[in-house]
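Report on one structure; see the data block that follows.
What follows draws every value from the coordinates through simple rules; no lab data is involved. Because the structure is predicted, anything quoted here is derived from the model rather than measured. Cβ atoms come from the backbone with ideal geometry, glycine included; neighbour counts cover every protein chain shown.
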Amino acid sequence: MEQVQDLNPKPLSVKEYLVVSSMLFGLFFGAGNLIFPIHLGQLAGAHWGLATVGFLVTAVVLPLLSVLAVAVTRSEGVYDIGKPLGPAFALAFMVLIHATIGPLFGTPRTATIPFSVGVQPLLPASWAHAGLLVFSLLFFGAAFLISFRESNVMSSVGKVLNPLFLLMLFAVFAMAFMAPMSHASNQSVTAAYQHASFFNGFLQGYNTMDALAGLAFGVTVVAAVRQLGKTTPKSNARVTAKAGVLATGMIGLIYVGLIWLGATTLGHFKVSADGGVAFNQLVTYYLGNIGHALLATLLTVTCLTTAVGLVAAFAQDFHKHFSRVSYQTWLGFMCVASFLTANFGLDTIIQWSTPMLMFLYPFAMVLILLSIFSPLFKRDPVVYAFVVVCTAVPALLDMVAAFPPVVSQSAFGKALGAFQQGVLPFASLGMDWVVPAVVGAVAGLAVHVLKPVLTGQPASASDR
């Protein structure tokens, strides 16, 4: 039964909204959110503006929609988002999302990025492996301790770590804006961004993993808002939505600044191999030797906020669905697994994460949009089924095409690639899932509308 009244019937204060928004900001914004926009700016050069618009769609608008999807459907986690397709699909989707943003790719990246970009340059080359081992051990030990009690997540992330990160980031921005390296509009543009800046920026937004994280963080956000006394689904959803708009709006402003900064670095540096190198060059240019120390601190703090959110969301969701294992045990498993994966190194993690992101993001996008608009068709499972089934084939083809050459350039990979490019519209832009998903939506809605005529029964499914 839904509670008639909140434990706290009074409207939240501005300060309380800021605390929830700050927590959301900290959960979303990790090291990848720093390095990928800067690298995008270098790749896009003078076309940085259009590339920024594409990047903001998948890196800001989509994560905001994922938070709103949780609010609209009154979900308490990623499992509930996939529930209209049945418990088996919902559980599989939850496991895949948490595995990707968790111990396989996302969470280990929160340790490897600050180490490789901020700490490793300060160490002798022979100490790199041992340094990563020690750093990742301390890093995930801290994440475990902060997340050990679920009630600590809001106070630790929203009130302490995130403001510290914002203060340090503002210092870097202030120096860069007062004395820019060059005019971004005058810089060279790489080949891929000559004619497809928007779509390449769109695909670069996948790397932040924030749309997937937004679905997984749902359980953490709902629990945090409940701590403020907003315990009924309706009021909890309203607070979550308002805080999400504020948090993602701030992230969007930072992205614009970072992409512009990346483009300005081309006045002094060549396009780097990744955004970590570019960010290192940026802070060193303005701060000299102390830039390394600031960078290491900045990246470690922002990554720790994201790691705390990821490990807590993983443990909360898995404890909810596999309750025989305690929250603290799942938390320990997540931290140990992430520590082990982190020691494969950043390059390996990024190389193998891209195929999974190309596979999961189309599913995440259609499920988020279906959840947002679900009141219009009463969350009918038929509509969900048509859209998801039609999205599956292009998502699988995108995954194969994104694998390292050992897979994508094999005879099997080339054959699938030729089929993909020859049959599916927009395949060359990485958007081949769009037309099938639209076709599935039209077919699903048609069946939903015609169901009463054909069966004499209501077309709607339960709203729950």
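Please compute the contact order of the chain in relative form: average sequence separation of alpha-carbon pairs under 8 Å and at least six residues apart, divided by the residue count, as a percent.
Relative contact order for the chain comes out at 30 percent.
For the stretch 216-269 and the stretch 303-364, what is the separation of their Cα centres, given in Å?
Measuring centre to centre over Cα atoms gives 20 Å.
Placing +1 on the Cβ of each Lys and Arg and -1 on the Cβ of each Asp and Glu in the chain, which of A174, Y384, S410 has its Cα farthest towards the positive end of the resulting dipole?
Checked the options; the winner is Y384.
Given charges of +1 on the Cβ of Lys and Arg and -1 on the Cβ of Asp and Glu, with all other atoms neutral, how large is the dipole of the stretch 353-464 about its Cα centre, in debye to the nearest 20?
Roughly 180 debye for the stretch 353-464.
What list of ³J(HN,Hα) values in whole Hz, one per residue of the stretch 432-444 in order, does the Karplus curve 6.51 cos²θ - 1.76 cosθ + 1.60 (θ = phi - 60°) give from phi, with Gly and Pro shown as x?
6, 7, 5, 4, x, 5, 5, 4, x, 5, 5, 5, x
Rank these for me by crowding, E76, E16, going from fewest to most other beta carbons within 10 Å.
E16, E76
Quick check: convex hull over the Cα atoms of the stretch 338-452, volume per residue in Å³, rounded to an integer? Working shown, then result.
Values: hull volume 14.2 nm³, N = 115.
Dividing the Cα hull volume of the stretch 338-452 by its residues yields 123 Å³.
Report, in debye and to the nearest 20, how large the dipole of the chain comes out about its Cα centre when Lys and Arg carry +1 and Asp and Glu carry -1 on their Cβ. Write out the running numbers ahead of the final one.
Values: 20 positive and 14 negative charges, 154 e Å.
My answer is approximately 740 debye.
Please report Rg over Rh for the stretch 1-110, where both radii come from the alpha carbon positions and Rh follows the Kirkwood definition.
Radius of gyration relative to Kirkwood radius: 1.05.
Mind checking which lysines have their C-alpha under 20 Å from K10, skipping anything on the same chain fewer than 8 residues away?
K230, K234, K242
List the lysines whose Cα sits under 28 Å from the Cα of K451, skipping any in the same chain fewer than 8 residues away.
List returned: K83, K378.
With each run of n ≥ 4 DSSP H residues scored as -39500 (n - 2.57), what mean residue ellipticity at 222 nm is computed for the chain after dividing by its residue count and rounding to the nearest 500 deg cm²/dmol?
-22500 deg cm²/dmol
Just rank K83, K242, fewest to most, by other beta-carbon atoms within 10 angstrom. Before the final figure, lay out the partial values.
Numbers: K83 21, K242 15.
The most exposed by this proxy come first: K242, K83.
Neighbour counts of other C-beta atoms within 10 Å: give me W48, W127, W433, W330 arranged from fewest to most.
Listed from fewest to most nearby Cβ atoms, that is W127, W330, W433, W48.
Quick one: Karplus J couplings for the stretch 122-135, per residue in order, coefficients 6.51, -1.76, 1.60, θ = phi - 60°, nearest Hz, x for Gly and Pro?
8, 10, x, 4, 5, 9, 4, 5, 5, x, 5, 4, 5, 4
Can you work out ³J(HN,Hα) from phi for every residue in the stretch 289-297, in order, using Karplus 6.51 cos²θ - 1.76 cosθ + 1.60 and θ = phi - 60°, giving whole Hz and x for Gly and Pro?
Along the stretch 289-297, the couplings run 5, 6, x, 4, 5, 5, 4, 4, 5 Hz.
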